[in-house]
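Encoded as structure tokens, the structure appears first; notes follow it.
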Amino acid sequence: MPSIRVEGVTKRFGKFTALENINISVNDGEYVSIIGPSGCGKTTLLRIIAGIIREYEGHVYVDGELFDDKPLEKRSIGYVFQNIALFPNMNVGGNVSYSPKAKRFDSETIRSVTLEMLELMKLTDRYYDYPTRLSGGMQQKTALARALASGAKLLLLDEPLSLLDLKVRTELRYELRRIVKDLGLTAIHVTHDQEEAMAISDRIIVMRRARVVEEGAPLNLYLRPKEIFTAYFLGESNVLEGSVVESDEKFLKVDVEGVLLKARNTGFKIGEKVVVMIRPELIELVNHGVNGIVMKKIMEGFFIRLIIGIGGMRISVKQPYWRVYGINVGSTVKLSFPEEHVLVYKYPERGLYSEISLY
Ligand SMILES: Nc1ncnc2c1ncn2[C@@H]1O[C@H](COP(=O)(O)OP(=O)(O)OP(=O)(O)O)[C@@H](O)[C@H]1O
Ligand SMILES: [Mg+2]
């Protein structure tokens with residue numbers, strides 16, 4: 001049963017650092033997602049764990065065994081590549097049964113494993129098609145079926161659902177998690193889709209600029225991110241600058257453009273410059289609260305986004321459509337900012353813009 005430990009891994013391509021001192025562990029049976037902006041090193045990290053990249057500083061252990069010198073073919077890892085890479089000279093059935101055949105399973109097992117995985121991915125009727133005849137999404141599902149059929153206990157999935165349409169993607173993410181849990185596999189799943197990461201994983205690792213920013217259980221990362229970048233990148237956030245005007249043992253009051261916001265005190269003093277983050281969906285429309293004026297109303301399907309001005313502060317509020325009947329541009333609304341959702345951070349030394357910039 002595979003656990004993974006990545007210890008002090010640094011990877012440079014010439015002068016460019018793609019990974020900088022990465023330390024992560026994945027427990028046996030755990031489903032971990034990695035999210036982060038494009039170019040932050042996610043694929044590079046998977047390639048190092050898989051044994052595709054062999055030159056790096058630091059160490060990779062699987063089940064406590066040092067893997068740095070272990071050849072790729074001896075690692076027994078199921079890998080779904082970001083750019084798919086099916087065997088072009090084999091049909092769907094051939095691709096999916098490749099690994100069971102290579103392992104010299106008996107023909108009945110090969111057949112049943114292959115059909116089971118094809119069934120799962122709803123690809124059974126594509127058995128005889130060659131990759132060039134498949135859509136991107138079908139190729140991606142074939143790649144997933146192939147990785148699952150390999151019998152590997154460790155899965156490295158690089159954006160495995162990115163080419164599927166939303167409905168199939170949403171369905172497959174639950175299937176994928178179920179299979180991993182049912183079969184006792186360990187999975188690292190790279191995704192750009194934060195919702196997918198939240199839904200599918202036991203733990204999320206957030207990366208930026210070659211480093212790990214923060215990791216944690218999905219809901220904890222969403223509700224209590226330790227880093228401004230996490231709050232900004234995972235889900236949506238109003239990012240505001242303010243200064244502390246009241247501080248006692250339990251609570252703070254922060255002045256944001258003349259609006260006073262109450263928050264839990266996590267160790268700030270009066271006069272300190274801070275960053276305040278509030279998620280648009282956690283701001284409430286109430287009968288008694290702070291007055292604001294609706295400046296914009298944007299339809300987003302089931303949810304409506306209101307851009308609201310309160311004094312000098314502009315804030316984005318997201319509500320289900322039925323909560324905003326009769327509220328239009330120019331309407332006065334009353335808002336409440338639940339103090340447990342008003343997150344206060346030390347103002348970053350390098351400035352706020354640099355802290356939340358993606359690259
Ligand atoms: N073989 C290589 N030679 C030179 N630079 C490379 C090589 N492979 C990756 N890089 C660089 O390393 C950085 C990290 O690349 P990587 O593919 O790991 O990013 P990523 O997080 O997977 O991005 P994306 O979300 O776009 O897939 C990028 O700036 C990339 O250009
Ligand atoms: Mg990538």
Under Stokes-Einstein, with the Kirkwood radius over Cα pairs standing in for Rh, what whole-number D in µm²/s applies to the range 236-356 at 10 °C and 1.306 mPa s?
106 µm²/s
Whole-Hz Karplus ³J(HN,Hα) for the range 312-321, in order, using 6.51 cos²θ - 1.76 cosθ + 1.60 and θ = phi - 60°, x for Gly and Pro?
x, 8, 10, 9, 9, 10, 10, 9, x, 3
Sorted by chain and number, the residues with a modelled amide H under 5 Å from that of VAL213, at a separation of 5 or more or across chains, are VAL206, MET207, ARG208
Charge-dipole axis of the chain as Lys and Arg at +1 and Asp and Glu at -1 on Cβ define it, positive-most pick from ASN95, LEU260, LEU154:
ASN95
How high is the FRET efficiency from LYS226 to LYS122, r the C-beta distance, R0 35 Å, rounded to 0.05?
0.30
Over 20 Å (Cα to Cα) among LYS74/LYS103; LYS11/LYS42; LYS42/LYS101; LYS70/LYS153; LYS297/LYS334 -> LYS42/LYS101
Compute the Rg/Rh shape ratio of the chain: radius of gyration over Kirkwood radius, all on alpha-carbon atoms.
1.05
Over all pairs of distinct alpha carbons, what does the Kirkwood formula give as the hydrodynamic radius of the range 115-172, in Å?
11.8 Å
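Where the only charges are on Cβ atoms (+1 Lys, Arg; -1 Asp, Glu), what is the dipole of the range 4-229 about its Cα centre, to the nearest 20 debye?
Taking the Cα centre of the range 4-229 as origin, the dipole is about 380 debye.
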How far, in degrees from 0 to 90, does helix 92-102 lean away from the longest principal axis of the Cα atoms of the chain, to the nearest 10?
70 degrees
In degrees, nearest 10, the alpha-carbon axis of helix 166-182 is tilted away from the dominant principal axis of the alpha carbons of the chain by 70 degrees
Could you state the number of Å between the C-alpha centres of the range 295-349 and the range 1-66?
39 Å
Which lysines, if any, have their Cα less than 16 Å from the Cα of LYS167, not counting same-chain residues under 8 positions apart?
LYS122, LYS141
Integer Hz, Karplus 6.51/-1.76/1.60 couplings in order for the range 152-157, x for Gly and Pro
5, 8, 10, 10, 10, 10
Name the lysines eligible as straight-distance cross-link partners of LYS269: C-alpha to C-alpha under 27 Å, and not fewer than 8 places from it in the same chain.
LYS226, LYS250, LYS253, LYS346
Can you give the angle from 0 to 90° between the axis of helix 107-120 and the longest principal axis of the chain, with both taken from C-alpha atoms, to the nearest 10?
20 degrees
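Output the relative contact order of the range 4-229, whole-number percent, from Cα pairs under 8 angstrom with separation of 6+ residues.
28 percent
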Using DSSP to define loop residues, name the GluC sites (Glu not before Pro) in the range 1-90 whose beta-carbon has at most 13 other beta-carbon atoms within 10 Å.
GLU55
Under-5 Å amide H pairs with ILE283, H placed in peptide plane, nonlocal only:
LYS318
Ordering of 340-346, 146-152 by burial proxy (mean other Cβ atoms within 10 Å per residue, highest first):
146-152, 340-346
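Only the coordinates and a few stated rules stand behind these numbers; no lab work does. Quantities reported herein were computed from a predicted structural model and do not represent experimental measurements. Cβ: placed from backbone, ideal geometry, glycine included. Neighbour counts: every protein chain shown.
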